[in-house]
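Here is the structure we will look at.
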Amino acid sequence: EYGLTLSWTKVYHRSVIQRKAFKFRIKTNPKAEGPMAKIAGAMRFVWNQALALQKERLDKQEKLLNYSELARLLVQWKQAESTNWLNEVPSQSLQQVLMQLDRAWRDAFNKKSPKRFPRFKKKGQQDSFRYPQGIKLEGNKVFLPKIGWARFFKSREVLGVIKNATVSKRGKHWFVSIQTEQEI
């Protein structure tokens, strides 16, 4: 659980780019867990709202909305009085959820290798959210936008340029998986 590393490489113009993921357990307290649970709940809400809308469109035999159309709806959801609490979570993380849902629908309708249809998310099961940017590391602390600095159990050095980070919950513990890229 501590310091799990995954890696893969790609060759670009005579240089090799290697991506690695470093996974660490976050040292949480009730003050830090509240915002993480709130963000994970917002991700689940947006996924379920967009999925319900897409399923409704399928039932009516209408064309599914693509990512950019769903992103415009996200702006409307954030402006609505009943869901204006979505403004309190990172907007790029919400956009990542819509990208993941768009990809899930494309995979489900892929004729060569279809995957299962997207399913509704339930509270407490696979709670996670992704930051595509804005992550900083200092020693054994990581800066997560809209949450702040969080300590983690650092079991190894994080090598390379940080590309993104995913915060997830497994059991009662929160983890951060930091994806890096470096030229070797």
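The values are calculated or read from the model by the stated rules, or taken from the named source; none is laboratory data. Since the structure is predicted, the reported quantities are computational estimates derived from the model, not experimental observations. Here the Cβ positions follow ideal geometry from the backbone for every residue, glycine too, while neighbour counts run over all protein chains shown. For accessibility, only protein heavy atoms count, side chains too; no ligands or nucleic acids. Shrake-Rupley method; radii C 1.70, N 1.55, O 1.52, S 1.80 Å.
Of the residues K141, K172, which is under 24 Å from V97 (Cβ atoms), more than 17 Å from the chain's Cα centre (by Cα) and free of Cβ contacts under 8 Å to residues at least 12 places away in the same chain? Walk me through how you get there before you give the answer.
Working: K141 fails: under 24 Å from V97 (Cβ atoms).
The conditions single out K172.
Determine, yes or no, whether A52 is more than 18 Å from the chain's Cα centre (by Cα), among the hydrophobic types (A, V, I, L, M, F, W, C) and part of a helix (DSSP H, G or I).
Numbers: more than 18 Å from the chain's Cα centre (by Cα): yes; among the hydrophobic types (A, V, I, L, M, F, W, C): yes; part of a helix (DSSP H, G or I): yes.
Spelling it out, A52 is indeed more than 18 Å from the chain's Cα centre (by Cα), among the hydrophobic types (A, V, I, L, M, F, W, C) and part of a helix (DSSP H, G or I).
Considering segment 48-102 alone, what residues qualify as being open to solvent by 80 Å² or more (accessible area, probe 1.4 Å), more than 21 Å from R130 (Cα to Cα) and not charged (D, E, K, R)?
Q61, Q76, Q79, S82
Just one of S68, S128, S82, S93 is hydroxyl-bearing (S, T, Y) and in contact (Cβ under 8 Å) with a residue 60 or more places away in the chain; which is it?
Details: S68 fails: in contact (Cβ under 8 Å) with a residue 60 or more places away in the chain; S82 fails: in contact (Cβ under 8 Å) with a residue 60 or more places away in the chain; S93 fails: in contact (Cβ under 8 Å) with a residue 60 or more places away in the chain.
Answer to the selection: S128.
Quick check, is S82 part of a helix (DSSP H, G or I), within 22 Å of V176 (Cβ to Cβ) and among the hydroxyl-bearing types (S, T, Y)? Outline the logic, then answer.
Numbers: part of a helix (DSSP H, G or I): yes; within 22 Å of V176 (Cβ to Cβ): no; among the hydroxyl-bearing types (S, T, Y): yes.
Against the criterion (part of a helix (DSSP H, G or I), within 22 Å of V176 (Cβ to Cβ) and among the hydroxyl-bearing types (S, T, Y)), S82 does not qualify.
Restricting attention to segment 103-119, which residues are modelled with pLDDT of 90 or more and either in contact with a strand residue (DSSP E or B) (Cβ under 7 Å, 6 or more places away or on another chain) or open to solvent by 100 Å² or more (accessible area, probe 1.4 Å) (or both)?
R103, R119
Residue by residue through segment 133-169, note down the ones that are more than 19 Å from S91 (Cα to Cα), in a strand (DSSP E or B) and of a type in the set (G, A, S).
A150, the sole residue that qualifies.
How many of the residues in segment 1-47 are open to solvent by less than 70 Å² (accessible area, probe 1.4 Å), outside any strand (DSSP E or B) and modelled with pLDDT of 80 or more? Can you show your working first?
Filtering segment 1-47 down to residues open to solvent by less than 70 Å² (accessible area, probe 1.4 Å) leaves 3, 5, 7, 15-18, 20-26, 28, 32-37, 39-47.
Filter once more, keeping what is outside any strand (DSSP E or B): 3, 28, 32-37, 39-47.
Remaining after also requiring modelled with pLDDT of 80 or more: 28, 33-37, 39-47.
Here the count works out to 15.
Could you go through segment 110-125 and let me know if any residue there is touching a Pro at 6+ places or on another chain (Cβ under 7 Å) and in a loop (DSSP other than H, G, I, E, B). Steps first, please.
So in segment 110-125, the residues touching a Pro at 6+ places or on another chain (Cβ under 7 Å) come out as none.
Within segment 110-125 (the criterion being touching a Pro at 6+ places or on another chain (Cβ under 7 Å) and in a loop (DSSP other than H, G, I, E, B)), the answer is no, since none of the residues qualifies.
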